[in-house]
Structure formats: structure tokens, C-alpha cells
1. Surrounded by fewer than 24 Cβ atoms within 10 Å (Cβ to Cβ) and either in contact (Cβ under 8 Å) with a residue 24 or more places away in the chain or out of contact with any helix residue (DSSP H, G or I) (no Cβ under 9 Å at 6 or more places or on another chain) (or both), is that true of Glu136?
2. Identify all residues within region 76-92 that are in contact with a Gly (Cβ under 6 Å, 6 or more places away or on another chain) and within 14 Å of Lys50 (Cα to Cα); write none if there are none.
3. Within region 363-381, take every residue that is small (Gly, Ala, Ser) and outside any strand (DSSP E or B) and give me the one that is farthest from the ligand (Cβ to nearest atom).
4. With respect to Arg523, determine if the residue is under 20 Å from Pro262 (Cα atoms) and more than 16 Å from the ligand (Cβ to nearest atom).
5. Would you be able to say whether some residue in region 406-428 is at pLDDT below 95, crowded, with 17+ Cβ neighbours inside 10 Å and not in a helix (DSSP H, G or I)?
6. Do you know which of the residues in region 563-609 that are outside any loop (DSSP other than H, G, I, E, B) and within 16 Å of the ligand (Cβ to nearest atom) is surrounded by the most Cβ atoms within 10 Å (Cβ to Cβ)?
7. Report those helices (runs of 4 or more DSSP H) wholly inside region 276-359 carrying at least 1 residues which are within 16 Å of the ligand (Cβ to nearest atom).
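The values are calculated or read from the model by the stated rules, or taken from the named source; none is laboratory data. Owing to the predicted nature of the structure, the values given are computational and were not obtained by experimental measurement. For neighbour counting, all protein chains shown are included, and Cβ atoms are generated from backbone atoms with ideal geometry for every residue, glycine included.
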Amino acid sequence: MCGIAGYIGPRNAVEVVFDQLKRLEYRGYDSAGVAFPVNGHIEVLKRAGKLTELQKLIGEEPRDSRIAIAHSRWATHGGPTNENAHPHYDAYERIAIIHNGIIENYLELREELLAKGHKFRSQTDTEVAAHVIGEEYAGGISLEEAVRKGVKRLRGAYALVVLSQSEEGKIVAARNASPLVLGVGSGENLLASDIPALLPYTREVVILEEDSIATLTTAGIQVMDLDGRPKPLEPIHIEWDIAAAERGGYEHFMLKEIHEQPEVLRQCIAGRVDDKLEIRLDQVFSEHVWTEIDRVNIIACGTAYNAGLMGKHLFEKLLRLPTDVYYSSEFRYGDPVLSPRSLAIFVSQSGETADTLAALRLCKSRRIRTLGIVNVIGSSIARECDRTIFTQAGPEISVASTKAYTAQVTVLTLLAMYIAQVQEMPGVRVEEAVQELVGLAERAEVCLKLEDQMIGLAEKYKDMPLCFFLGRGADANVALEGALKLKEIAYIPTEESPAGEMKHGPLALVQPGVIAMFGSTDREVRDKVVSSMKEIQARGGTVIAIVTDDDTVTEKAADEIVRIPGSKLEFLSALLTIIPMQLFAYHVARLRGCEIDQPRNLAKSVTVE
Ligand code: G6P
């Protein structure tokens, strides 16, 4: 997710906004740019790469201005190039825009504008938004009116900021879904995508509400709604130090990222589900390719492997498409049997994991079709796969992956539904399933409200010697990921297996003090799961069950019940059980005084074998 900065006031604005971008660097980015007025024109300087590249460009001549906006980009639409970096001009170069978020209807708008003769220099959705607002502005109205009218034509998530050559004394910003904060100074005002970029200048901060337009001048800040009605300005005083502010006030990045999941789920499907609940993944492969594929191999490591298991579950259950999941390290040395009609899917947050990259190169040498599901645009796996679908989860900083997992599973779900849609599979009610997927973010929000309960459980069981993670079907897959979280950050041994397999060995480890965390969201096997719970309890173990809100069976069996909102698509209920598991692992680790964001012996991106 991109970094946004803006300043108006007596200081050297170019220096201020550059400093703001530096304070947002921890979020990750791949290009950066700045815009400021020079002799009646808006100058835009931008470069792919690190901020030092932009600094060189700025340093080529003295830059002094009382007003500037700046942006660090984390690519979503179009690769990390100079052209795609922000700011973007409108068609007449009268305004320059920076943007965080995704404009879902940008392709339609682009077509419309192309037909009117507009020319685009980048592949971004942002440039389309710039042209839309520029078109309104050409009608001779004020900048805030043009932004207000322009954003009404945009669909999707945005925080966008505009500078105009003819109204040099103001910055106009608009917000819908993507974060934007305003800094209230004296004789100077600022804006940013995140609070740390404001703190050296002011501690009086306004969190701009959804569907609002703000105008910043040296005299003050005015906010209005999308119908032009003024809104009150309600600054809050921020006490956090800068390091805490980078984490959005959370104690650790991991907790911040856990809480970002509803937003990530929205971003992940943004632009991929249209108003008629049809999935738009047309850019992936042409439709006929999907009818040719007879087998899928999903190849990944760690959390991404666990996400792949969820993909297998769905591909086989929904599509009856045979699917195998491989650890990348095993695949590359395993002499795999590969059908020429198969598809190899590589799942990776970083897009740089050495084993996954090597497995990809092996598939390419065998001329197998390859598809990446990757978070980092411009990464090696994203570049080398025939096609890539991006998870759009924003930078993940904590070593233990959380939001990338939910995003990876969501993309695999979108993909499975897309294949069902293309193949018009009888018996698969795609529309109903998509409806459930669209509602997932809201249900994830409800799951986050379980945090106090998970803190209580963490306090009670933090000294457990061993924790089982069990379930059946999709719940068994999520159990693997829940176990991985607990061992990664709290260093507690875990034992994870499908619940039915327990009596073939792992049950020998159960004794008083041992905890068993069950995901139980599948109505069809509820009774079987309850039997497994009884087996644990009979040997002195304690059962924590995560169940859907309609379940009245399991509560009679478990020692502790955690309720999540159910979905008509049980697979999605299983996915959401990961949120209480993540919270449990996090709070156990915190109470045990563990490092959390950088657990011992582990790295975020494993680029060596
Ligand atoms: C490391 C990370 C894990 C991650 C795995 C795969 O082990 O600590 O969180 O799941 O690598 O990384 P990738 O970037 O390919 O998803």
C-alpha cells in the first residue's frame, strides 16, 4: 500500500514531503515521486527504485516551494517503472495526482477517455483518475468541485491528493476506504497516508472520514462530504512515539497485520468481482486454456504452502480438478511427473523464495504453463511466471505471515470460482459463492472482535507444554497454519494432523496440560470431530473449539468455545478460523515475552536454499 505525503506552509515543502516519505519507508515501496509548482506549472519528478534515486533527481537543482505532494508506490496496476510512478498528470498537465488504493472501474473509464482522444503514459489506474478529475476541472470549476465531481465517477478504494497549477495555494484530497490523515499545524498543514509521517511536524491529527474531501491551505483545513456539505474538523492529539506510530499504534506489526485483514480481503477482490457478481480474471489466461487443463500442481513453502492446501481442497471439491500441493524444496528435487496439460501454480508472498523460484524454473524448462499468486509486484516469481495474480495485501513486515495467507486463499478461491464460471459448471452456484466471498471482509471484522476472548485463553493456557491443532477437511488445512503461527512466534511445540488421524499415533502425546485447538466448521462431520474431542479429554487434555455461530452440538463437548460467523460456503468459515488462531498465537507469544515480529532463527524472505 502506497505512501502519501503533502505539505503547505512556510518551510521548504519539497524537503518536508521527502522527509515524510522517508518516515513511510518501513512500509515498503518500489518507486517514488514528488510534485510542486514552478513558474505557473506543476513540476513532477519521479523514479523507480529507492528514495535515493528520487533524491538524486531532486538534488539536480535547487528546489524550493511552499507547497508539494509526494508518493511512494507499491505497484498494483502496472510494474514499478518511472512512467507508472506517481504523481500523474491529467490530459492538460494542469493538475497532478497521487493515489493509494485501487480504482475498480478504471478500464471502463480508460476506454471512455481513449475514445475522446485522451492519451495515457502509464498503465496505472491512477492516471485514469487524474484524467477524470482533469476533465471536470477543464469545465472551469474550483479544484475541490472538480475532485468532488470526479470521484463520483470512480468506483473502488482511494485516498487521492491533487495539486493544481492555477490554484497554487491549496492541496485537495479525497478519501474512500484507503487511509488518509491530516496534520493540523499553525500556519502550515500536512497530510499523509499514515500518522508517523506527520509526527515531526504536528501531533494534532484528523483521520479523514470515508467519502470526504479536504482542502488544505496555510490558513486552515476545510472538509466536506461528497455533496459539498461542510463537515466539522475533529483533531485528535497523538501521544505515540514514532516507532509505535509506524505500527499504527499496535504493539507489533504482526498485530497490525492481523487487524488489516478485513481491508486486505476487500482489496484482494477489488476490481475482480463486478456488479453482477461475475469474476473478472480475464487477463490471466484466455478462456479456452481453462478447459484444456487436466491437473493442477500448487508449489510453495511455509504459509504459502498451507494456503495451497486450501486451494487443493476447493479445486477438487468444487471443480473436480485433480490437484497436488508440493513443498517447493521437495518438488525441485523430486523428479515430478508433469502432464503437458497441467498448470503449475506458485504461491509466494515475497515472490523471491529460492526453492519456489527454482521449482518455477524447472516447470518452465519442461514447458508447463505457470501461474503465480504473489504479493510483491516486480518480484522474480511474478516476473518469471507466464501469468501472475497479485494478492494486493500490501507490504507484510512481520516474519510470521498473517494477512498474506488470507489473501492467498482468497485469490485461490476467486480462481476456482472463475474456472467454474468459465466452464459453466452445472451444479456450481458461482453467484451465490461470490456473494459469500464479498461478505467475507465483514465477517473477518466480527472475528477480530474475539480478541479479548483470545487474550483470556492465552492468559489461561500460555504455559501449555504442547498444543494440538486439529480439524477435518478444510479445517484440517487451517489447523496447519494455526500451528505454524504458534510454533513460529511462541516457540511452543505443536502437533497438527487431520482429527481422524490422531488415534494412529499423535494421541499418545496427550496428557494433562496439553491443549487441543479444533476448527469445526463443517456440519457434515461435526459428530466425528466431537468424538475426537472426547478422545483428547478422556486423556486429560483440554479442548478449545472454534465453531460457527449456528453450532449447538460442539459446545456441549468442548471446554472452551470460540464462535465465528458462519458462511453458506463452509470453506470460507474454515478460512476465518485462522483469525482467532492468529490472535491466540500472538497473545501467547506476547505473554511469554517473545520477540514476535522477528522470531528467533527465522527470516521473512528465504532467498537461499
Ligand atoms: C519464510 C517466511 C514464511 C513464508 C515462507 C514462504 O519461511 O517466514 O512466513 O510463508 O518463507 O515465503 P513466500 O514469500 O514464498 O510466501
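1. No; evaluated as a whole, the condition is false for this residue.
2. Within region 76-92, Pro80, Ala85, His86 meet the criteria.
3. If we take residues in region 363-381 being small (Gly, Ala, Ser) and outside any strand (DSSP E or B), then Ser365 is farthest from the ligand (Cβ to nearest atom).
4. Details: under 20 Å from Pro262 (Cα atoms): no; more than 16 Å from the ligand (Cβ to nearest atom): yes.
Here the answer is no, as Arg523 does not meet what is asked.
5. The answer is yes; a qualifying residue exists.
6. Ranking the qualifying residues of region 563-609, first place goes to Ala585.
7. Helices (runs of 4 or more DSSP H) meeting the threshold: 302-319, 328-333.
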